[in-house]
1. Considering only region B:110-124, state which residues are open to solvent by less than 50 Å² (accessible area, probe 1.4 Å) and over 17 Å from residue B:169 (Cα atoms).
2. Hey, can you tell me all the residues within region A:182-201 that are in a loop (DSSP other than H, G, I, E, B), of a type outside the set (D, E, K, R) and open to solvent by 20 Å² or more (accessible area, probe 1.4 Å)?
3. Just to be sure I understand, how many residues within region B:37-60 are in contact with a Gly (Cβ under 8 Å, 6 or more places away or on another chain) and crowded, with 23+ Cβ neighbours inside 10 Å?
4. Kindly state which helices (runs of 4 or more DSSP H) lie completely within region B:61-141 and contain at least 3 residues that are within 30 Å of residue B:154 (Cα to Cα).
5. Counting only residues that are of a type in the set (Lys, Arg) and assigned to a strand (DSSP E or B), which one in region A:207-248 is farthest from residue B:40 (Cα to Cα)?
6. Going by the structure shown, is residue A:204 within 13 Å of chain B (Cβ to nearest Cβ) and either open to solvent by less than 20 Å² (accessible area, probe 1.4 Å) or among the charged types (D, E, K, R) (or both)?
Number of protein chains: 2
Amino acid sequence: MVAATTQGSDHAIAHQIHLLRPQSGSGGDRVPGASCLSWRLGVETNNIIGWITVPEACEGYVGNYMLGKQYRKDSKVVADEAFVYAKSLNLRMDGKDLWIFDIDETSLSNLPYYARHGFGVNPYNATFFNEWVATGKAPALPESLKLYNNILKLGIKIAFITGRPEDQTQVTATNLQNTGFHTWEKLILKGSSYAGKTAVVYKSAQRKKLEKIGFRIVGNIGDQWSDLLGTNGGNRTFKLPDPMYYIS
Amino acid sequence: MVAATTQGSDHAIAHQIHLLRPQSGSGGDRVPGASCLSWRLGVETNNIIGWITVPEACEGYVGNYMLGKQYRKDSKVVADEAFVYAKSLNLRMDGKDLWIFDIDETSLSNLPYYARHGFGVNPYNATFFNEWVATGKAPALPESLKLYNNILKLGIKIAFITGRPEDQTQVTATNLQNTGFHTWEKLILKGSSYAGKTAVVYKSAQRKKLEKIGFRIVGNIGDQWSDLLGTNGGNRTFKLPDPMYYIS
């Protein structure tokens, strides 16, 4: 959300990691005396951080939210607001204006997977999740796809930056193309040199590289705060809803 | 949310101002094809920025939210999460650990005023609002007061930083004391030198001054993103709900 200067980058990143590190007592097994609606708002506003799983008591609530109309409506408001902003920009039309899209729960939906795995109540299982990714059958998130097309029409280039590992490059590219995300300037997956690094560190570094080769990041959209925080975040950021998992 | 380094401060602030500047088309007179619930989530997540008034269609919704149980529940989750975090800190107990509280809609509630003025649908009226402030009758926000007391007990000092003008110092101090906020290290109101400056700029500058004299800002809570963004934001920030107005 805040782009620090180049000079301040390392410090700001270190600070971010600290901010996003799981805090004792913030585990996902607890709804602190409040409704699941309040829990979800706490998650979306970055007040509740570092959680591992959705509180068990909220499985039904999260499932209803994700499968019902509110998730779509909430996503539409974010996408609409992003497009209002994009249209307001004075673009130079030199091919250097860039918009960053995250992939999972931003461009592609893993809801078919999570619906079979407790909507985030079950701990993350890399084996099962990678099997799902390998099918290449994640549907597009409709409001994000609309935004993607509208942004492209304005003359802004697209870069996807995802925490998916590089060995999923081909299936990810195919999945994106099959669902309507037909073009991009960059498709960046997480290389092995970033293994064990947080998404904030990895994604900040990728955005910095893009700026170094001349791109101006005019917008940045993701479902995780770790898509948006850190350095080189872009001129404005947009947070899509995701009550199913937390990535620091 | 992100504290930039001292070196990078000016740039980061300039960037923030840009981020928070009202964007064309984001005025409060429009609910972009979506429900008031989605509008409120968009506001709380900082996706909808720069709005002047609550959309007219959402007056009833916002009124019900503010007067009903959900506002209290949502506030409680934030305050509880803040206290869980505060307890997890390794405090040095040297009197330099500091927590920043905003005042309006963070410590004191102006709901009695807003309930008579359309819950944010009516444009801000400085004359009427200052008359209300001058009564000194704003009640404490109960969950925030609990957090304040719990934080004090841990040995953390409190600083209030508010956008209220300095000529309201006495009535603000009395109002705070009468409602249970009985002590503080600093009570900072907006001086005339910051007239016309955004809250992000003014509040960042005040926090920077506090750090310069040796305080460590371990936490920061406010109802506006402009309480939390900018520089010197503190080790962790907490966003309380406020669907009634927007301050950049």
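1. Filtering region B:110-124 for residues open to solvent by less than 50 Å² (accessible area, probe 1.4 Å) gives B:110-111, B:113-115, B:117-121.
Result: B:111, B:113, B:114, B:115, B:117, B:118, B:119, B:120, B:121.
2. Selection gives A:182, A:183, A:184, A:195, A:196, A:198.
3. Count: 2.
4. So the answer is B:69-88.
5. Ranking the candidates gives A:216 first.
6. Criteria met by residue A:204.
Here's the yes/no breakdown for (1) surrounded by 17 or more Cβ atoms within 10 Å (Cβ to Cβ); (2) of a type in the set (Gly, Ala, Ser); (3) in contact (Cβ under 8 Å) with a residue 40 or more places away in the chain; (4) within 14 Å of chain A (Cβ to nearest Cβ):
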{"residue": "B:97", "(1), (2), (3), (4)": "yes, no, yes, no"}
{"residue": "B:103", "(1), (2), (3), (4)": "yes, no, yes, no"}
{"residue": "B:108", "(1), (2), (3), (4)": "yes, no, yes, no"}
{"residue": "B:131", "(1), (2), (3), (4)": "no, no, no, no"}
{"residue": "B:155", "(1), (2), (3), (4)": "no, yes, yes, no"}
{"residue": "B:160", "(1), (2), (3), (4)": "yes, no, yes, no"}
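Quick grid of which residues meet (1) hydroxyl-bearing (Ser, Thr, Tyr); (2) on the phi > 0 side of the Ramachandran plot:
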| residue | (1), (2) |
| --- | --- |
| A:170 | no, no |
| A:175 | no, no |
| A:185 | no, no |
| A:188 | no, no |
| A:193 | yes, no |
| A:196 | no, yes |
| A:199 | no, no |
| A:202 | yes, no |
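The values are calculated or read from the model by the stated rules, or taken from the named source; none is laboratory data. The shown structure was predicted, so the numbers you read here are calculated from the model rather than taken from an experiment. For neighbour counting, all protein chains shown are included, and Cβ atoms are generated from backbone atoms with ideal geometry for every residue, glycine included. Please note that ligands, DNA and RNA were not included when accessible areas were found on the heavy atoms of the full protein model with its side chains. Shrake-Rupley method; radii C 1.70, N 1.55, O 1.52, S 1.80 Å.
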